[in-house]
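K.L.:
For reference, the structure I am asking about is given below.
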Amino acid sequence: MKTSDKLLKVREYEEEMGNRIPKEDRPAFHLSSRVGWMNDPNGFSFYQGKYHLFYQYYPYNTVWGPCHWGHAVSEDLIHWEYLPAALAPDEEYDADGCFSGSAVTLPDGSQMLIYTGVVRKELEDGGIREIQHQCLAFGDGMHYEKYEGNPILTKQDLPEDCSPYDFRDPSISVADDGTYQIVTCCGTPNRDARIVRFTSPDAINWSRGKTVIQNNERFGKVWECPDLFRMGDKWVLLCSPMDMLPEGFEYHNGNGTLCLIGDYDESAEVFTPQHDQSIDYGIDFYATQTIVTPDGRRIMMAWMQNWDTTPGYRLDPTTWFGQMTVPRELSVRDGRLYQWPVRELEEIRQNRISFENVYVSGEMELEGVRGRMVDLEISIRSADPEQVYEKFTIKFAAGGRYYTMLSYHPRDQIMKIDRKFSGSRRAIIHQRRALVPSQNGEIRIRLLLDRYSAEAFLNEGAQTITANLYTDMGAQRITFTAQGAVSMDLVKYDLVP
Ligand code: FRU
């Protein structure tokens, strides 16, 4: 298999520089960039007995640059091992980036990657635009060779009135009859989002695209990283809309995430949503990908960052920047998407401590409850059923000048994350609120901490709140505060991969 000089250079660089980053300076069980910049998960797949995860990667700096595909594998979705970068922008048709895409196993046993090749072109008016088209590469789980017929889908293949500048992020799946389909994002010339579907008998020759749904300006602009799949008797469309306007506590300004649940008419190729929600209500979450595991679970991972929260970090270019969320198992109940950390995470739980009916009024700590790699299960309710508490707060990664907190106001049913005091030196968003209805007066929180992040799964995963926190590792305390009086049950584990 031929490997371009560009790819060889990247592989040497990441091997040398990635190994210089001490393990303790990375998240313990979240995949982080081997070195330099990471954004979207790509090519999430199960191939030859292992989970493969590729990612948008610019190894030479901690800011976004011409995209490569980084690569890692895992046997359990928790312990990841880096493999050499899989793709570099080394061809005329992808010279300005190998953007996001997905992976599939072909009948001959090889793995095919389908990704967006990007080329910057000067237009007649002098402006510079990115032409985006879809490309293939074939490989063995380690080395990939780009297809000589690339690009395989270009603007000619789009439905009418689609712009070639927002044609990206192919998500591939195999239908029951063995044919292939992809959905991609696409936009009208004024960037109204469309999801376009293409089909193929052999994954190489593709039909002309058909629009399965158009946004009509309801949720932001272009819907990046779409993924359309069946769950039970419903269909789910996950995507990440750019440039959202806020709506109540459901959608926030900026780049957001969207889950539509509805019906998909396969013969008409039309998706009709019945329910909509944000996928995650926190600060750092974008660009999801899912797979079905060999035992039939639908698992989602996402970039644990957001375009709106990345600018302005001034990091050493040879460190890592960007990490993925914990893999989350999805389910749909009563028209709502639920998420729960994969059960493999339970294998790395140690040192269980539990408390029941702890009376919290004012601020307190619990013996043994501290740390930055922990799994906490908490449930809270009013200590006196006749008198609802005002507010309940958990502070974590706390110490010295630092803390991040989750606080719940039962009267308005709002959960808030606040990482203003996490040690950030940037004027970016540090707070978010979400509507989290209590259930029979009780709120359940599962909180995962992994050095530089916090993921809260609320009420069995009906809502999630995700944020990263680049807090000094000396800040290890966890405290509980109630205004009014709360009765709390708590189970705590250390997470030791
Ligand atoms: C989403 C995204 C994708 C694109 C990639 C480029 O975060 O903008 O649409 O393929 O990132 O890195």
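The values are calculated or read from the model by the stated rules, or taken from the named source; none is laboratory data. For clarity, every value in this text was computed on a predicted model and none was experimentally measured. Ideal geometry is used to build each Cβ from the backbone, glycine not excepted, and the neighbour counts take in all protein chains shown.
K.L.:
Only one of 330, 228, 315 is assigned by TED's automatic domain parsing to the domain that holds residue 163, more than 26 Å from residue 77 (Cα to Cα), in contact with a strand residue (DSSP E or B) (Cβ under 7 Å, 6 or more places away or on another chain) and of a type in the set (A, V, I, L, M); which?
P.N.:
315
K.L.:
To continue, here is another question. Residues of region 132-145 being over 16 Å from residue 172 (Cβ atoms) and crowded, with 18+ Cβ neighbours inside 10 Å, which ones?
P.N.:
132, 141
K.L.:
Would you call residue 119 more than 27 Å from residue 65 (Cβ to Cβ), in contact (Cβ under 8 Å) with a residue 12 or more places away in the chain and assigned to a strand (DSSP E or B)?
P.N.:
No; evaluated as a whole, the condition is false for this residue.
K.L.:
For region 235-283, which residues satisfy the criterion of being assigned to a loop (DSSP other than H, G, I, E, B), away from the ligand (no atom under 16 Å from the Cβ) and of a type outside the set (Gly, Ala, Ser)?
P.N.:
Result: 245, 246, 249, 250, 252, 253, 266, 269, 281.
K.L.:
Can you find, within region 122-131, the residue that is surrounded by the fewest Cβ atoms within 10 Å (Cβ to Cβ) among those that are outside any loop (DSSP other than H, G, I, E, B) and hydrophobic (A, V, I, L, M, F, W, C)?
P.N.:
Residue satisfying both the conditions and the ranking: 128.
K.L.:
Further question: Would a scan of region 143-157 turn up a residue that is within 30 Å of residue 3 (Cβ to Cβ), within 15 Å of the ligand (Cβ to nearest atom) and not in a loop (DSSP other than H, G, I, E, B)?
P.N.:
Taking every residue of region 143-157 in turn, at least one turns out to be within 30 Å of residue 3 (Cβ to Cβ), within 15 Å of the ligand (Cβ to nearest atom) and not in a loop (DSSP other than H, G, I, E, B).
K.L.:
Also, I was wondering about something else. Cβ-Cβ distance below 8 Å, separation of 6 or more or different chains: which pairs start in region 284-302 with a residue that is away from the ligand (no atom under 16 Å from the Cβ) and end on one that is in a loop (DSSP other than H, G, I, E, B) and of a type outside the set (A, V, I, L, M, F, W, C)?
P.N.:
299/293; 299/327
K.L.:
Exactly one of (1) among the charged types (D, E, K, R); (2) touching a Phe, Trp or Tyr at 6+ places or on another chain (Cβ under 7 Å); (3) surrounded by fewer than 21 Cβ atoms within 10 Å (Cβ to Cβ) is unmet by residue 210. Its number?
P.N.:
(2)
K.L.:
Filter region 171-191 down to residues that are within 16 Å of the ligand (Cβ to nearest atom) and more than 16 Å from residue 130 (Cβ to Cβ), then give me how many there are.
P.N.:
Total satisfying the criteria: 4.
K.L.:
Taking the condition within 16 Å of the ligand (Cβ to nearest atom), over 22 Å from residue 321 (Cβ atoms) and among the polar types (S, T, N, Q), does residue 102 pass?
P.N.:
Taking the combined requirement at face value, the residue satisfies it.
K.L.:
Quick one: is residue 47 away from the ligand (no atom under 16 Å from the Cβ) and in contact (Cβ under 8 Å) with a residue 60 or more places away in the chain?
P.N.:
It is true that residue 47 is away from the ligand (no atom under 16 Å from the Cβ) and in contact (Cβ under 8 Å) with a residue 60 or more places away in the chain.
K.L.:
Kindly indicate which of 198, 229 is touching a Gly at 6+ places or on another chain (Cβ under 6 Å), within 24 Å of residue 116 (Cβ to Cβ) and more than 16 Å from the ligand (Cβ to nearest atom).
P.N.:
Criteria check complete, one pass: 198.
K.L.:
Would you check which residues across region 149-194 are over 20 Å from the mean Cα position of the chain (by Cα), crowded, with 18+ Cβ neighbours inside 10 Å and in contact (Cβ under 8 Å) with a residue 60 or more places away in the chain and list them?
P.N.:
180
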